[in-house]
Ligand code: ADP
Ligand code: MG
């Protein structure tokens, strides 16, 4: 889907294929390395709370253009500030989502919480954003990175991605390529994000207060949450992490006299949402009530409701319109740099511009992806499927969706290893999506912490529309940085 016969192939870090006996041996070691270091998940098909499977991974790291990686890293503090400013712009969020919330019940429910909180005033002025900005290199612009999306809620894989760098370094070393390890950038995603949560905990300034993780009823991606919890306890032994579902918060949670969020007798300083970003997480009004309760509390939310709304696809589409960035960023150089990472994003609202994008999508659907206001994968409509999907919608229903130019990433070749997969694995054509993590903490007037915090690479079969790691088409990976003027690797 993302590629055709003319798509360029990035130079591999080592020459493939590997001899079969060597491949079998190193793959078996890598699987054990993954399980032993927690690059792992619960099985969906054979779930047991007592065991883990390794998370799907790419055996040797996939190449990524160094210049573009460094660009993405350097941009992150600017993107953090942009999102912080967007989140605090009531007028922008309200007008941008006005049409969408008329037809998209989930976004409307989130927006209603926002509206109610606005009406009563924010109990907690500070927010913490643990963001992940996702990119693909776009071949028709010299592999310049283009933003796929920005995540402001439940930005995942910081924990596992951090483990994957040493795993792939181990594999390269086993294969006799220790000289190449320096092309794999270190990854401090886990400590970066968790230290951010602890900075928010410090701002709350109550030594006995806990950090609350909001979780799904079943956490398949358990390691990527336990890493955070264990890192916090190990690095800051005095801080406790609690895990609760929205349903449990509804049952146990209440507000204290100063609007402190209390679970039993424990006061919550920081709430980290790893659930609550999709309709399926809200089984009934109880879960929405829990979300509202937390939102009105004194706890510092990651994300607060305005941050959550700022991360919607609709807001991303609005930001990519000419001259909008000027509202949020002062420096013209920064505006230019951020503007360049946007690919075409089009409104489908029921007005002249929206109707023109609708016509354009019907004429040349193969150029586009159609996205609703959802997170977590599996919701988009691609290429030739778009006309049917659009025709099934009424004019107003279209405003729940946005249209986006397809990005065409270069191919890499490698071995994708997944539980129950072929042994030895086959060489496949793949494409990668780079995620850069960022931490931003502040209130409407000030940003008190703003930094880039590590990265992740997710790689999928080039034939797949989406690369959900748990869904089965994607795998975790790390970037192997290459320069455009490198000699071709022949070893
Ligand atoms: P979600 O919130 O579900 O993660 P995304 O916007 O990240 O939604 O889309 C899911 C996946 O679809 C991405 O990880 C990527 O593989 C693919 N995708 C999304 N937008 C584009 C695009 N513009 N061009 C190419 N692939 C895309
Ligand atoms: Mg995504």
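Data for the structure
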quantity: Förster radius 41 Å - calculated FRET efficiency between residue 463 and residue 321, Cβ distance, rounded to 0.05; calculated: 0.80
quantity: Ranked packing of 106-112, 280-286, 451-457, most packed first, by mean Cβ within 10 Å; calculated: 451-457, 106-112, 280-286
quantity: Ascending count of other beta-carbon atoms within 10 Å, so fewest first, for 328, 57; calculated: 328, 57
quantity: Principal semi-axes in Å for the range 364-457 [√(5λ), Cα gyration tensor, largest first]; calculated: 29, 29, 12
quantity: Ranking of 218, 249 by count of other Cβ atoms within 10 Å, fewest first; calculated: 218, 249
quantity: Using distinct alpha-carbon pairs, which all enter the 1/r mean, Kirkwood radius of the range 88-136 in Å; calculated: 12.7 Å
quantity: Distance between the range 292-354 and the range 160-204 - C-alpha centres, whole angstrom; calculated: 29 Å
quantity: Residue 240 versus residue 427: modelled label distance in nm, points set 7 Å from Cα along the beta carbon direction; calculated: 5.5 nm
quantity: Relative contact order for the range 370-444, counting Cα pairs under 8 Å that sit 6 or more residues apart, in percent; calculated: 24 percent
quantity: The chain - Rg and Dmax from Cα coordinates, angstrom; calculated: 22.3, 69
quantity: The chain: relative contact order as a whole-number percent, Cα under 8 Å and 6+ apart; calculated: 28 percent
quantity: Pairwise centroid distance, computed over Cα atoms, of the range 415-440 with the range 220-262, Å; calculated: 30 Å
quantity: Peptides ranked, highest mean first, by Cβ atoms within 10 Å: ranges 181-191, 434-444; calculated: 434-444, 181-191
quantity: The chain: calculated mean residue ellipticity at 222 nm from DSSP helix runs of at least 4, using -39500 (n - 2.57); calculated: -11000 deg cm²/dmol
quantity: Cα gyration tensor of the range 71-197 - equivalent ellipsoid semi-axes, whole Å, descending; calculated: 38, 18, 13
quantity: Protection-proxy order for peptides 87-97, 41-51, 153-163, each taking the mean of Cβ atoms within 10 Å per residue, highest first; calculated: 153-163, 87-97, 41-51
quantity: Theoretical gain in end-to-end length, residue 230 to residue 50 [0.36 nm per residue, Cα-Cα removed]; calculated: 63.0 nm
quantity: Contour minus Cα-Cα distance for residue 283 and residue 182 (0.36 nm per residue); calculated: 31.6 nm
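The numbers here are math on the coordinates, done by the rules we state, and not lab data. Keep in mind the model is a prediction, meaning the values are calculated, not measured. Counting neighbours? That spans all protein chains shown, and the Cβs are built from the backbone with ideal geometry, glycine included.
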